[in-house]
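Input: a single structure, listed below in structure tokens.
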Amino acid sequence: MIIPRTYTVESVTSGHPDKVCDQISDAILDACLAEDPTSRVAVESFGGHGHLVIGGEVTTGANLDYASIAEGVYHTIGYTAPLDISIYVATQSPDIAQGVDTGGAGDQGIMYGYATDETPEFLPRGIVLAHALAQNLEHLRTSHTIPWLKPDGKTQVTFEDDILKTVLVSTEHDAERTQDEIKHALLEHLITPLTIDTHAIELLVNPTGAFTVGGFEADTGLTGRKLMVDTYGGLIQHGGGCFSGKDPTKVDRSAAYMCRFVAKNIVAAGYAHSCLVSVAYAIGKPEPLMVYAIDEQGNDLSALAQSKFDFRPAAIIERLNLRRPIYQQTAAYGHFGKKNLPWEEIVSL
């Protein structure tokens, strides 16, 4: 669980094709929960080259126009090209429901949560920086500070022996812009404001030399394909289940949030400088099969985690108040380290 001193992590803008799909899936989830807080939702989106497919399983009293929701997200991000949208949404399996209705987990699996006192966000410094670069890149576009930026983009940072060595920014842009113009603008408006010492790093901007076609025009997108961007940048284990498009009965999402909540509060309370929490479930069963927690030295904190926190799915949903339309905001720039999310709250232990 020790974070390596040399590592690379990345983030992407909200206009990245995978993130477009995450946001569409979570917008549908939020719309369901806004009308029916007991909604069961498992919706995935696949888009590319003028087409968007929305598929999944939903049990809800909400009456939704899936295509309208998707188009709203797509255009709000900044895309204008038309989409041919196909909807394949069915009712969730009653075999799953009979276990979930009694408070059981919506699926089997393993979930992880992590926190460190390295930053105010309780996340590794590289993850915070990669997200800040990507989010500020989008702000420069939407605020028209750099009006020739387009929605698609990626950022990446490399630390060697805990020292920032490389910053990489790939950003979609108007075809008329030169590479020198792009790099100069990003140096002035993106890199320097983040107090990055440009003399001490290697700065790479659009390494191929141009990025004039992005989004669904250039690539396909799929819900759940940016698991490491969503979580801990690949520095911490991941159970494999994505978050977006899933209601909180799906422990892939709610238990991962709970693990983060527990790890962050263990660190905030001074029990560890960093903490990794993991939990495992069987589908339909309320009691977890495993709850495990360790600090940065490998010391076992499992008893502390189990004595202070209830990991049963229904208890997680109640404690974190998860049956609310709060999820679309998580679908870009990470699910952790943001203010006003219930799993980021610090409580007394």
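Key figures
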| item | result |
| --- | --- |
| Condition check for residue 278: part of a strand (DSSP E or B) and among the small types (Gly, Ala, Ser) | yes |
| Per-region count, region 193-211, residues among the β-branched types (Val, Ile, Thr) and touching a helix residue (DSSP H, G or I) at 6+ places or on another chain (Cβ under 9 Å) | 4 |
| Verdict on residue 293 being of a type in the set (A, V, I, L, M, F, W, C), surrounded by fewer than 17 Cβ atoms within 10 Å (Cβ to Cβ) and in contact with a Leu (Cβ under 7 Å, 6 or more places away or on another chain) | no |
| Yes/no for residue 137 being within 20 Å of residue 272 (Cα to Cα) and out of contact with any Pro (no Cβ under 7 Å at 6 or more places or on another chain) | no |
| Residue match in region 51-67 (condition: of a type outside the set (A, V, I, L, M), under 30 Å from residue 129 (Cβ atoms) and touching a residue at least 40 places away in the same chain (Cβ under 8 Å)) | no |
| Where a residue in region 177-188 is in contact (Cβ under 8 Å) with a residue 24 or more places away in the chain and assigned by TED's automatic domain parsing to the domain that holds residue 134 and its partner, wherever it lies, is in a loop (DSSP other than H, G, I, E, B) and of a type in the set (S, T, N, Q), with Cβ under 8 Å and at least six apart | 179/206; 182/206 |
| Qualifying residue in region 74-85 (condition: assigned to a strand (DSSP E or B), on the phi > 0 side of the Ramachandran plot and surrounded by fewer than 22 Cβ atoms within 10 Å (Cβ to Cβ)) | no |
| Condition met for residue 97 (in a loop (DSSP other than H, G, I, E, B) and modelled with pLDDT under 95) | no |
| Qualifying residue in region 140-161 (condition: surrounded by fewer than 16 Cβ atoms within 10 Å (Cβ to Cβ) and among the charged types (D, E, K, R)) | yes |
| Test for residue 308: is it within 30 Å of residue 36 (Cβ to Cβ) and either surrounded by fewer than 17 Cβ atoms within 10 Å (Cβ to Cβ) or at pLDDT below 95 (or both) | no |
| Test: residue in region 338-345 that is crowded, with 18+ Cβ neighbours inside 10 Å and touching an Asp or Glu at 6+ places or on another chain (Cβ under 6 Å) | no |
| Whichever residue in region 222-277 is modelled with pLDDT of 95 or more, polar (S, T, N, Q) and over 21 Å from residue 11 (Cβ atoms) and, among such residues, is surrounded by the fewest Cβ atoms within 10 Å (Cβ to Cβ) | 265 |
| Test: residue in region 115-124 that is assigned to a strand (DSSP E or B), in contact (Cβ under 8 Å) with a residue 12 or more places away in the chain, crowded, with 20+ Cβ neighbours inside 10 Å and out of contact with any Lys or Arg (no Cβ under 7 Å at 6 or more places or on another chain) | yes |
| Filtered residue count, region 167-226, keeping only those that are charged (D, E, K, R) and within 22 Å of the chain's Cα centre (by Cα) | 4 |
| Checklist (1) part of a loop (DSSP other than H, G, I, E, B); (2) within 20 Å of the chain's Cα centre (by Cα); (3) more than 28 Å from residue 263 (Cβ to Cβ) applied to residue 145, failing item | (2) |
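Let's see how each residue does on (1) basic (Lys, Arg); (2) surrounded by fewer than 18 Cβ atoms within 10 Å (Cβ to Cβ); (3) more than 15 Å from the chain's Cα centre (by Cα); (4) closer than 24 Å to residue 172 by Cβ:
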| position | (1), (2), (3), (4) |
| --- | --- |
| 9 | no, no, no, yes |
| 18 | no, no, no, yes |
| 23 | no, no, no, yes |
| 34 | no, yes, yes, no |
| 62 | no, yes, yes, no |
| 70 | no, no, yes, yes |
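Conditions tested, residue by residue: (1) in a loop (DSSP other than H, G, I, E, B); (2) farther than 30 Å from residue 159 by Cα; (3) assigned by TED's automatic domain parsing to the domain that holds residue 130; (4) touching a strand residue (DSSP E or B) at 6+ places or on another chain (Cβ under 9 Å).
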residue	(1), (2), (3), (4)
19	no, no, no, yes
22	no, no, no, yes
37	yes, yes, no, no
41	no, yes, no, yes
44	no, yes, no, yes
54	no, yes, no, yes
58	no, yes, no, yes
68	no, yes, no, no
71	no, yes, no, yes
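The values are calculated or read from the model by the stated rules, or taken from the named source; none is laboratory data. Worth saying up front: this structure is predicted, and the values here are computed from it rather than measured. So basically every Cβ, Gly included, is an ideal-geometry build from the backbone, and we count neighbours across all protein chains shown.
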